[in-house]
1. In nm, to one decimal, how far is the Asn217 label point from the Ala203 one, both placed 7 Å along Cα→Cβ?
2. Excluding Leu38 itself, what net charge comes from residues whose Cβ is under 11 Å from its Cβ, given Lys and Arg +1 and Asp and Glu -1?
3. For a bin width of 10 Å, list the pair-distance distribution of region 99-172 built from all Cα-Cα distances, rounded to whole %.
4. Quick one: divide the alpha-carbon radius of gyration of region 117-232 by 2.2 N^0.38 Å and tell me what you get.
5. Assign one of three labels to region 48-129, namely rounded, prolate or oblate, based on the Cα gyration tensor with a ≥ b ≥ c the square roots of its eigenvalues; rounded applies when a/c is under 1.5, prolate when it is not and a/b is larger than b/c, and oblate otherwise.
6. Nearest 10 degrees, 0 to 90: what angle lies between the long axis of helix 40-52 and the longest principal axis of the chain (Cα atoms)?
7. Starting from the Kirkwood Rh over alpha-carbon pairs, what translational D in µm² s⁻¹ does region 1-107 have by Stokes-Einstein at 25 °C and 0.890 mPa s?
8. Show that you can apply the helix-only estimate: for the chain, add -39,500 (n - 2.57) for every DSSP H stretch of four or more residues, divide by all residues, and state [θ] at 222 nm to the nearest 500.
Amino acid sequence: MRTNEYGQPIGAAVERALPAPTPDRVTLVGTHCRLEPLDPAAHAAGLFAAFAAAPDGRDWTYMPVGPFASEEDYRAWAEAAAHAQDPLQFTVVSTATEEPLGTLALLRQDPKNAVVEVGFVAFSRGMQRSAVSTEAHFLLMQYVFDALGYRRYEWKCDALNEPSKRAAERLGFTFEGTFRQATVYKGRSRDTSWFSILDTEWAALRAEFVRWLGPENFDEGGVQRTPLRTRS
């Protein structure tokens, strides 16, 4: 425990240069997918088709937008979203089919403190619970920690959204608590669950993602042989 000249406990010294870089419109390439900056001309039609394949609108219950009634409605949202820096939207494109399957974003960007949040995660049924889904998150984490040098990576969701909370924990995020009545969306109150990954935890998590995503971890049908082990 560090103390100052008055004997008061103080936090660890930060000896790195700040601010960190602002996230940019980059393309991140993996084995199963790549992340591209959201481009309505290239992605909107395919994304709407992927989302429309779901039998109902339940995937949008905990999202601030959607479901979308038509491709035109989705394209209008994508046109506005694609021009924003924060949230900075990325499209997940399958390397096997070259089809767009979902989106996710970097938001609440705080370069001054090297903190950023992943959110607006809209994954179609075609990529949920798949290697594409896991690799998409890994690619964005790798960009945030290794390329930009951020100290903290956040995940927040409605406290009632159990699938999102399970996904955060599976991916190695640590639950930090619940902010009560934190926001209002779609005309209802939201308690927000907070999760994070710190830069000091990243090396071990990176190694586990690399292990899990390795071809030897999947059988001939593409089914994992061992689960992702991000919890000690």
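Every number here is computed from the coordinates shown, using simple stated rules; none is lab data. Quick caveat: nothing in here was measured; it's all calculated off a predicted structure. No Cβ is skipped: glycine too gets one built from the backbone with ideal geometry, and neighbour counts run over all protein chains shown.
1. Those two pseudo-labels are separated by 2.0 nm.
2. With Lys, Arg at +1 and Asp, Glu at -1, the net is -2.
3. 17, 52, 28, 3
4. Working: Rg = 15.2 Å, N = 116, 2.2 N^0.38 = 13.4 Å.
In units of the globular-protein estimate, region 117-232 measures up at 1.13.
5. On the way: a/c = 1.81, a/b = 1.56, b/c = 1.16.
Prolate is the answer for region 48-129, as a/c is 1.5 or above and a/b outweighs b/c.
6. Between helix and principal axis, roughly 80 degrees.
7. Details: Rh = 16.5 Å.
For the chosen part, D equals 149 µm²/s.
8. On the way: 5 runs with 61 residues, N = 232.
Using -39500 (n - 2.57) per qualifying helix, the result is -8000 deg cm²/dmol.
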